Amino acid sequence: MKVELTDVSETKKTLTVEVPQEVVEGEIARITQRYARAARLPGFRPGKAPIQVVRKRFKEEILHDVAHDLVPRVVGDALRDKGVQPVDTPKVRDLQIEEGKPLTFTAAIETAPHVDPGDLSTLTVQRPEMPVSEDDVDQALSRLRDRLARMEPVEDRTAEQGDTVVMHLARRRLTGPQGAEIGPEEPERHENVSAEIGAAANPPGFDDALVGVTAGQKKTFEVTFPSDYEVEEMAGARVEYDVDVTGLRRRVLPTLDDEFAKDLGEFQTLADLRGRVRQDLEQDADRERTRRMRQQLLEQLAARMTGEVPEGMVAREVDRRVEEFARRLMDQGVDPRQAAINWDEFRTQQQEPAVATVRSVLVLDKLAEREGLEVSEEELDADITGYAARAGRALAEVKAQLAQQDQLDQIRTGLLREKAVSHALSRATIAGA
């Protein structure tokens, strides 16, 4: 087999391969036998058609399968022989396969550039001061109090700021975006809508129209949306609302006292609750402090990699960021396909941070190799155990599924990189500690 590896740049190589005719013929014969066992051809019993008939009838399919099976094996063997470790799937092109001839192709290979993590003791990470004050505890208790507020009917007055109006609502646009003329629209109707007067999501003018309404009242009013409203089809539009108020509700906040603490089930006094809230806030502060220190470290490590960055790794990181953002939108009940987002622009915005992430990843991988860091099977199992427990499944079952989906190596790599971060932090100078 003829193999030639050409350096295109620091991270790009071209592999040119010629597989001998006899090897190709052997693969053709093997694949043809497989087709012959399953072939159903007129005039022959299943699996009994002559080999030459099968080979002629399924020529294109057989050649396709030969290339599909042979090329990845040849590329893998050639790269191992050359001592080349690709960071992305090789891209095969100029494939030529014919009966009676060698198989030829070229493959574009991306590799990691030379990386030197350097002396870790020269890294300096600032430990941010993040004290938890009594005011922080008060604010957290206030948020907890807000979440535990109960709704009570309002029967002795009209609607005020902070009240929730329950109503049947019909909405129709009178003009389009920026006041553009539109044809008559059918009203968009909603039953039993709840709207809190003063909520940030309400368009300007909506709250003013609801203040003073009473249960049983019907009202028609118009609202003009701001010209820079985030939903483009509503920006600058004039909209008519017909509402039929069915009830009013008000939020009643519980009193912050010992009884409030006892109602939460774990505390005897408000002081006990304050202590737990402070403890939780301090744990949150520790996690945020660690996150910031990690970020400082990763930025410094990334700066130590000044060479060319593999394009394929950057593209995958951009894809990951886009998918992660889309998942967050779905978690919030927003359809990413319907959101007013310029996805091409979003991808462009992710390019620079993706490059920084790839740089830091390449340094961490090299650092793990240099320091001989490894992830044991026990550590891998410990990481997966939590997920398995939450899913109510056995560890072995989850591991088998992850292995089948080629995700075990990804998890192992992630754990190894975490080890590399911890190792670098342990060697770095921590300022403010």
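The values are calculated or read from the model by the stated rules, or taken from the named source; none is laboratory data. The shown structure was predicted, so the numbers you read here are calculated from the model rather than taken from an experiment. All Cβ positions, even for glycine, are placed from backbone atoms using ideal geometry, and neighbour counts span all protein chains on display. Accessible surface is based on the protein model in full, side chains and every heavy atom, while ligands, DNA and RNA are left aside. Shrake-Rupley method; radii C 1.70, N 1.55, O 1.52, S 1.80 Å.
Against the definition (more than 24 Å from Asp228 (Cα to Cα) and outside any strand (DSSP E or B)), how does Gly162 come out, yes or no?
Spelling it out, Gly162 is indeed more than 24 Å from Asp228 (Cα to Cα) and outside any strand (DSSP E or B).
Going by the structure shown, is Ala180 of a type in the set (Gly, Ala, Ser), surrounded by 13 or more Cβ atoms within 10 Å (Cβ to Cβ) and either within 19 Å of Lys219 (Cα to Cα) or out of contact with any Ser or Thr (no Cβ under 7 Å at 6 or more places or on another chain) (or both)? Working first, answer last.
Details: of a type in the set (Gly, Ala, Ser): yes; surrounded by 13 or more Cβ atoms within 10 Å (Cβ to Cβ): no; either within 19 Å of Lys219 (Cα to Cα) or out of contact with any Ser or Thr (no Cβ under 7 Å at 6 or more places or on another chain) (or both): yes.
For Ala180, the condition - of a type in the set (Gly, Ala, Ser), surrounded by 13 or more Cβ atoms within 10 Å (Cβ to Cβ) and either within 19 Å of Lys219 (Cα to Cα) or out of contact with any Ser or Thr (no Cβ under 7 Å at 6 or more places or on another chain) (or both) - is not met.
Let me spell it out: the conditions are (1) hydrophobic (A, V, I, L, M, F, W, C); (2) surrounded by 15 or more Cβ atoms within 10 Å (Cβ to Cβ); (3) within 30 Å of Pro254 (Cα to Cα), and Ile97 meets all of them except one. Which number is the exception?
It fails just one condition, (3).
Within the range 260-293, can you find the residues that are open to solvent by 60 Å² or more (accessible area, probe 1.4 Å), among the charged types (D, E, K, R) and more than 22 Å from Asp146 (Cα to Cα)?
Asp286, Arg287, Arg291, Arg292
Would you check which residues across the range 75-94 are buried (at least 19 other Cβ atoms within 10 Å of the Cβ) and either small (Gly, Ala, Ser) or assigned to a helix (DSSP H, G or I) (or both) and list them?
Matches in the range 75-94: Val75, Ala78, Leu79.
Can you tell me which residue within the range 216-262, out of those that are of a type in the set (A, V, I, L, M, F, W, C) and assigned to a loop (DSSP other than H, G, I, E, B), is modelled with the lowest pLDDT?
The residue in question is Val231.
Taking Val193 and the conditions (1) farther than 22 Å from Arg250 by Cβ; (2) surrounded by 12 or more Cβ atoms within 10 Å (Cβ to Cβ), which numbered condition does it fall short on, given that it satisfies the others?
Looking at each condition in turn, Val193 falls short on (1).
Do we find that Leu148 is open to solvent by 50 Å² or more (accessible area, probe 1.4 Å), in contact (Cβ under 8 Å) with a residue 60 or more places away in the chain and within 38 Å of the chain's Cα centre (by Cα) in this structure?
Answer is yes for this residue.
Sort out which residues of the range 44-83 are of a type in the set (A, V, I, L, M) and either under 14 Å from Ala107 (Cα atoms) or at pLDDT below 90 (or both), and write them in order of number.
Answer for the range 44-83, where residues must be of a type in the set (A, V, I, L, M) and either under 14 Å from Ala107 (Cα atoms) or at pLDDT below 90 (or both): Ala49, Ile51, Val53, Val54, Ala67, Leu70, Val71, Val74, Val75, Ala78, Leu79.
Right, Val421: open to solvent by less than 30 Å² (accessible area, probe 1.4 Å), closer than 30 Å to Pro131 by Cβ and either β-branched (Val, Ile, Thr) or in contact with a helix residue (DSSP H, G or I) (Cβ under 9 Å, 6 or more places away or on another chain) (or both) or not?
On the way: open to solvent by less than 30 Å² (accessible area, probe 1.4 Å): yes; closer than 30 Å to Pro131 by Cβ: yes; either β-branched (Val, Ile, Thr) or in contact with a helix residue (DSSP H, G or I) (Cβ under 9 Å, 6 or more places away or on another chain) (or both): yes.
Yes: the conditions hold for Val421.
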